[in-house]
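Everything below concerns the one structure shown next.
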Amino acid sequence: MSLEDADPLAAAMARVSETFGGMTARASETGCGRCFSEDELELLRSPDIPLPADLVRRVAQKEPGHWDDQPAVIRRVLPQLVVMLAQGADEPDLLVRGLAAAGWPKWPGEQAGSVAGLLDAWWTHTLRNATPPTSAPDVFASCVTASSTVTPWLARWAAETTPIARQHLNECVNWWRQDLESDTSPFTWWWGSAAEEQAAWEELKAWPAGRDVT
């Protein structure tokens, strides 16, 4: 049995590690001197050296204006970032904001594919586990933030018809109940346009109709 068959999330994380291993920030990257020290920048410019968890977190959260080449910096931290997410990091939707800002869907095919595969495996793993490390509402919000769309995550949810997946549906709807009755989007760290966010929110609000929600 292959790793992908035995543990799709672990396989997706391994693919990210293989795809982005050895990548670095630009050799000329200067970063934001107020937020990152020269020693931290040197780590980001160096390949395959394990980074402190706090540095990975701060890099992942920052907006592109902090960097000369923000996508390169995100690619540098990505192998460690996905491990943090899978293990249950706090504020995961904030941690993927930098990934969204880096425009990963436009990266070269293998890079974009590995990120898409990781997000799908993370969400699927969550839906299939009664007590995942991160709650279903938080993982859903993170996948939406990372991709600036709700469509693939709702499609995956629809394909998962087990009692555990229904439990997570109920959990999410109850979490969003106040928002579902208003025009307030629950996507705190949305990176796309306001119009795209509103369209995604309308799609999400319509989705529970006709489903087994308690």
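All other residues whose Cβ lies under 13 angstrom from that of Glu203 are scored, Lys and Arg at +1 and Asp and Glu at -1, for a net of -2.
What per residue convex hull volume, in Å³, comes out for the range 1-88 when only alpha-carbon positions are used?
91 Å³
Restricting the calculation to Cα atoms, the chain yields a radius of gyration followed by a Dmax of 17.7, 55 Å. Each Lys and Arg adds +1 at its Cβ and each Asp and Glu adds -1 at its Cβ; summed about the Cα centre, the chain shows a dipole of about 120 debye.
Computed about its Cα centre, the charge dipole of the range 25-71 is approximately 180 debye, with only Lys, Arg, Asp and Glu carrying charge at their Cβ. Size descriptors for the range 126-214 (Cα atoms only): Rg and Dmax, in that order, 12.4, 35 Å. With only the Cα atoms considered, the range 41-145 has a convex hull volume of 96 Å³ per residue.
Think of the chain as a dipole: +1 on every Lys or Arg Cβ, -1 on every Asp or Glu Cβ, centred on the Cα centre; then among Thr131, Val56, Val96, Thr131 lies furthest on the positive end.
Sequence-ordered 3J(HN,Hα) estimates for the range 159-166 from the Karplus curve with 6.51, -1.76 and 1.60 and θ = phi - 60° stand at 7, 9, 10, 6, x, 5, 4, 5 Hz, glycine and proline given as x. Applying a DSSP loop filter and a limit of 10 other Cβ atoms within 10 Å to the trypsin sites (Lys or Arg not before Pro) in the range 1-76 leaves Arg34.
If you add up the charges near Met84, with Lys and Arg at +1 and Asp and Glu at -1, over every other residue whose beta carbon is less than 15 angstrom from its beta carbon, what do you get?
Working: positive: Arg57, Arg58, Arg76, Arg97; negative: Asp54, Asp90, Glu91, Asp93, Asp138.
Value of the local net charge: -1.
Reported value for the range 139-179: 67 Å³ per residue, from the convex hull of its C-alpha atoms.
Surface composition of the chain: carbon plus sulfur atoms hold 51% of the accessible area, using a 1.4 angstrom probe and ignoring ligands, DNA and RNA.
Taking 4.7 Å between beta carbons as the limit, the unpaired Cys residues of the chain are Cys143, Cys172.
Report the net charge of residues surrounding Pro64, where surrounding means a beta-carbon distance below 15 angstrom and charges are Lys +1, Arg +1, Asp -1, Glu -1. Result for the neighbourhood of Pro64: +3.
The values are calculated or read from the model by the stated rules, or taken from the named source; none is laboratory data. What you see is a predicted model; the values in this text were computed from it and never measured. With ideal geometry, Cβ positions are generated from the backbone for all residues, glycine too; neighbour counts draw on all protein chains shown. The area values use the complete protein model at the heavy-atom level, side chains included, leaving out ligands, DNA and RNA. Shrake-Rupley method; radii C 1.70, N 1.55, O 1.52, S 1.80 Å.
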